[in-house]
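Here is the structure we will look at, set down as structure tokens.
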Amino acid sequence: MPYLTTGLLANTSVEGIRLNSILSVNISNDDTSTVAIQIEGFFQNGTTKAKYVEEFFTLTAGTLALRNYYVPFNAFEFVFFVSSQAVEVSVWSKDVSGNLISTHLVEIEASVDLL
């Protein structure tokens, strides 16, 4: 099962305001059959990485799923396990008002050889 990661993303606050409040995840199933998706979200606290999101669902052929996760941490990472290389994952940051910002814009495709 291919896995994709955002890598560790910095999200420090400036004058008490965190630029990134929400991480929006768009998952597209371009396969001809239903696929399984598992999402895990982690936050970094010092040298410790702790899981705070774990979600498993299926996505039928040719459909999209949109998920939003709060990211009130100095550093965080999301990992996606997908059952098909025809799945595409895009990740965007949003501010506290829900406006898209370009700080964290990551597009990851399972079709890329990750080994």
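Below are the figures for this structure:
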quantity: For Val14, Val35, order by how many other beta-carbon atoms lie within 10 Å, fewest first; calculated: Val14, Val35
quantity: Gaussian network model of the chain, springs between alpha carbon atoms under 10 Å - residue of Ser33, Ser24, Ser97 with greatest fluctuation; calculated: Ser97
quantity: Where labels lie 7 Å past Cα in the beta-carbon direction, separation of Val79 and Gln38 in nm; calculated: 0.9 nm
quantity: Ser28 paired with Phe56, simple spin-label distance in nm, labels 7 Å along Cα-to-beta-carbon; calculated: 2.8 nm
quantity: Taking Lys49, Lys94 and counting other C-beta atoms within 10 Å, the order from fewest to most; calculated: Lys49, Lys94
quantity: Nitroxide proxy distance, nm - points 7 Å out along Cα→Cβ at Ser90 and Tyr3; calculated: 2.6 nm
quantity: Rounded to whole Hz, the Karplus (6.51, -1.76, 1.60) HN-Hα couplings of segment 44-51, x for glycine and proline; calculated: 9, 10, x, 9, 9, 10, 10, 7
quantity: Principal axes of the chain: Cα extent on each, largest first, Å; calculated: 48, 31, 22
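Each reported figure results from applying straightforward, stated rules to the coordinates on display, with no laboratory input. The model shown is predicted, which means the values in this text are computed figures rather than measured ones. So basically every Cβ, Gly included, is an ideal-geometry build from the backbone, and we count neighbours across all protein chains shown.
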